[in-house]
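J.: What follows is a single structure, and I will ask about it in a moment.
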Amino acid sequence: MIRASVQRKSIMDERRKYPRVKARVPVEIYVDGADTPLRCATLDLSVGGCYIESMLPFPKGTRLELKLAIADTLVIEGVVTTCDPQVGNGIAFSRMLPEDVEALRSFIEGQASSERTE
């Protein structure tokens, strides 16, 4: 019984390719055909994706353009991977400029350092 729970946890850990930190970062989300962006915030963030809080989440598979406001504004393309009604969305990042990847990585490392010292 204990072995099964340990095995399940390691499978979940392996699913995450990048370290994830709790971070409320302002984000504008654009969808094809929409005139105005959805403005919200991330709940957690990694180099590979984020989770956003939204009462009206997007359907799984929706392609999005995100403008993430850290030190500079990062422009990121992503795809909705999870849809939790009246809660939010998990979004996997699919395209980002190399310099934006590095800026995001630095931001996340700084957040992770802060979490460890708290």
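J.: So which residues in the range 27-56 are surrounded by 15 or more Cβ atoms within 10 Å (Cβ to Cβ) and more than 14 Å from the chain's Cα centre (by Cα)?
T.: The answer is Tyr30, Pro37, Leu38.
J.: Follow-up. On the given criteria, is Ala69 surrounded by fewer than 18 Cβ atoms within 10 Å (Cβ to Cβ), of a type outside the set (Ser, Thr, Tyr) and under 10 Å from the mean Cα position of the chain (by Cα)?
T.: no
J.: Still on this structure, please answer the following. Filter the range 88-106 down to the residues that are out of contact with any Asp or Glu (no Cβ under 7 Å at 6 or more places or on another chain) and free of Cβ contacts under 8 Å to residues at least 40 places away in the same chain, then identify the one that is nearest to Glu28 (Cα to Cα).
T.: The qualifying residue nearest to Glu28 (Cα to Cα) is Asn89.
Every number in this text was worked out from the coordinates using simple rules, so none of it is lab data. All values derive from a computational prediction rather than experimental measurement. Note that each Cβ is placed from the backbone with ideal geometry, even for glycine, and that neighbours are counted across all protein chains shown.
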